[in-house]
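Taking it in order: structure first as structure tokens, then the write-up.
The values are calculated or read from the model by the stated rules, or taken from the named source; none is laboratory data. What you see is a predicted model, and the numbers here were worked out from it, not measured in a lab. Because the Cβ atoms are built from the backbone with ideal geometry, glycine has one as well, and the counts that use them run over all protein chains shown.
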């Protein structure tokens, strides 16, 4: 028979009394919100994408699945929010049979985001290091190991569900499809200097959409017919790009640079060529989304919801835009100007490696701004400092639509788009944004959006 001395028993009791109790689920949620771990996780994913160099359409895919995973992981604990299952193409309801009584849905959302994100990028170690930082911080709060383990297990189940769905979106199939065929047809896009890269993602319209019924649901007006006879509409549009590019003032040049968002710019000095990595257009708008959530003091659930909605809009907007790009396959202004007007002309921005019509910035920026306006209101002023870390200054905007309008016209200043690509792209982006708003935010948001436009 075991005997415990009084002194030993007293020491044991003192040890237990001195041990700090684990923090509650409520306090854990508050600390997670205070540290903005979800917004920071989005920023970390952006850093990885800049490092790994993803094209703009592919980057939108890398954002959307982690954002949906975070939202779906948290949604069961918030009855006022509705699951995306049955509302996004082919997304089935999540069925987790395990006991979730010890799960922190907020912590699980962050785990799910990082787990899905890690599966979609190359530099997995960067995400693992970031998750280890989160684990260390959360553990230092005296969080119950059982809560952390249960939350990770639940998050993995959510991640597995979302990744299985992602596997059926046709991405793998598009990796094996033919490259874009370059011909001598005068109006047809061809690679541009200095790298003369092949057309990026010519089959992106084969990707499964999220809300759109099809990639061509909002097919824009075709570009004006190619005709370089002096006085023709196409000639005048080309000359506008040439004239604007030759007369940029300091402000317009700054606007062009601010919204460049070209993930892979080739720089040439003599015989030496090197690349500069930058954020993608979608990454810029995901950064704006984080800024807006922080300014609005959105709680963790609202932050997950807003990021998911915007990422869905960006994803479908890229599919819609790329569908038209490779249908019209229109030649870029730089190529036309060099061949017909001025062989030495160089645009303010490096021409991206894909066809001209419509402007990707115009489509995706307008879609994102439309959704952010519906979510957070018109006249939502903010400071855009997303690209300060990449050497660009911050800019002030009075509304999301003002920012998207500047992003759109920046492509004319940059010398990489004719005006119809910008104007038709804005219209196309509004239609995508309004559809996503109608399907995922409800009729009231749709009516508000139409009034504000």
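May I ask you to verify whether residue 139 is surrounded by fewer than 21 Cβ atoms within 10 Å (Cβ to Cβ), free of Cβ contacts under 8 Å to residues at least 60 places away in the same chain and in contact with a helix residue (DSSP H, G or I) (Cβ under 9 Å, 6 or more places away or on another chain)? So residue 139 fits the description; yes. Per the listing 53, 68, 23, the residue uniquely out of contact with any helix residue (DSSP H, G or I) (no Cβ under 9 Å at 6 or more places or on another chain) and touching a residue at least 60 places away in the same chain (Cβ under 8 Å) is 53. Checking each residue in the range 291-304 for being in contact with a helix residue (DSSP H, G or I) (Cβ under 9 Å, 6 or more places away or on another chain) and either crowded, with 24+ Cβ neighbours inside 10 Å or free of Cβ contacts under 8 Å to residues at least 40 places away in the same chain (or both) picks out 293, 298, 300, 302, 303, 304. A residue that is assigned by TED's automatic domain parsing to the domain that holds residue 211, part of a loop (DSSP other than H, G, I, E, B), modelled with pLDDT under 95 and over 22 Å from residue 60 (Cβ atoms) can be found somewhere in the range 271-285. Inside the range 35-54, residues that are in a loop (DSSP other than H, G, I, E, B) and under 21 Å from residue 163 (Cβ atoms) make up a count of 1.
Residue under question is residue 292, and the condition is that it be in a helix (DSSP H, G or I), in contact with a strand residue (DSSP E or B) (Cβ under 9 Å, 6 or more places away or on another chain) and within 30 Å of residue 37 (Cα to Cα); does it hold? Criteria met by residue 292. Just one of (1) in a loop (DSSP other than H, G, I, E, B); (2) touching a helix residue (DSSP H, G or I) at 6+ places or on another chain (Cβ under 6 Å) fails for residue 182. It is (2). The residue list 378, 384, 323, 344 contains one member that is farther than 18 Å from residue 256 by Cβ and within 20 Å of the chain's Cα centre (by Cα), which is 323.
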